[in-house]
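As structure tokens, the structure follows; a few thoughts come after it.
Any read-out appearing in this document is the output of simple, stated calculations on the displayed coordinates, not a laboratory observation. Since we're looking at a predicted model, the values are computed, not measured. We place every Cβ from the backbone using ideal geometry, glycine too, and count neighbours over all the protein chains shown.
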Amino acid sequence: MCAAYDCKSLVNMDLNLRVLIEPRGFIRIIQLVMSIFAFATTAGFETVATMEIKCKDYEKDVQYKFGYPFKLGKAELRVPDKCGNTSDISYKTYTFPFDFSSNAEFFVASGVLTLMYTTGIIFIYVFMHRLYSTNPMTPVVDLLGSGVLSVFWFAGSCAWAQGVSDVKYYTNPANLFHDIEICMDGPQTCRTVSPGNFASLNVSLIFGFANCMLWISSLWFVYKETSFHQQIQPPAMLPQMGQQQAPPMQDQDLGNKMGGQYEY
């Protein structure tokens, strides 16, 4: 037996864990986890592109390090100024005026907003179930929020897909050679060793479009909780009541007919 104060607290809390195994609540848990994977694989991205500079007297590997938020104007590339003796090597720093931060940051922002929203709405589902079921505006607000995040994930994933393609192209050393002075001496002077590892960004796109599908599919389950859906539902008990009343009338008519025959 719990104390009176503890029991009263539990009643006021309005705890409802059953919603977490229903489609509406279970899909929110999946959305929360998927959003974390989506923005974590993007916000934590960093890689190194490697090129080889081959001169007559020496060969040198040069690394170009870049990552989120993909403001390449702040990523420096230091390469030898010109070919010559190893004792006379001087370095020149290059920066490239490419900025893909808007697409990346919008994608990450969609993930962070999803994390915040799903955490809050799961709290309402579990601890404020009575408010959600009795206040008709609460499911409507939930439906609107789900619709906004569906648009965010669709727009963010499409924009980020183009952003990933641009990042791969403009950070490939083969596409930077025409801007590097030492690579203009001959076709064999510079060579791409590695364009970098973009596996994390490819995975982020998978999670992005998966989140988009999850949020679009969740609209139906939230819509079923709104007053809009409940108003168009036909009453289910009236036909059954009519069918139950019909047999006694038939029995009464049959009795009258039989009684009439006997009376005759």
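The table below lists the values:
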item	result
Shape of the stretch 91-198, Cα gyration tensor, a/c cut at 1.5	prolate
Ranked list, fewest to most other Cβ atoms within 10 Å of each Cβ, for Val140, Val108	Val140, Val108
Karplus 3J(HN,Hα) series, Hz, for the stretch 135-146 with 6.51 cos²θ - 1.76 cosθ + 1.60 (x for Gly, Pro)	8, x, 7, 5, x, 5, 4, 4, 5, 5, x, 5
Kirkwood hydrodynamic radius (C-alpha pairs) into Stokes-Einstein, the stretch 12-118, 25 °C and 0.890 mPa s, D in µm²/s	138
Ranked list, fewest to most other Cβ atoms within 10 Å of each Cβ, for Thr42, Thr50, Thr118	Thr50, Thr118, Thr42
Burial ranking of peptide ranges 173-180, 209-216 (average Cβ count within 10 Å, highest at the top)	209-216, 173-180
Histogram of C-alpha separations across the stretch 70-123, 5 Å bin width, %	4, 16, 12, 11, 10, 10, 8, 7, 7, 5, 4, 3, 2, 1
Sequence of Ile21, Ile122 once ranked by neighbouring C-beta atoms within 10 Å, starting from the fewest	Ile21, Ile122
For Gly196, residues with placed amide H under 5 Å, excluding near neighbours	Thr50
3J(HN,Hα) from dihedral phi, the stretch 46-59, Karplus parametrisation 6.51/-1.76/1.60, rounded to Hz, x for glycine, proline	7, 8, 9, 9, 10, 10, 10, 9, 10, 10, 5, 9, 7, 10
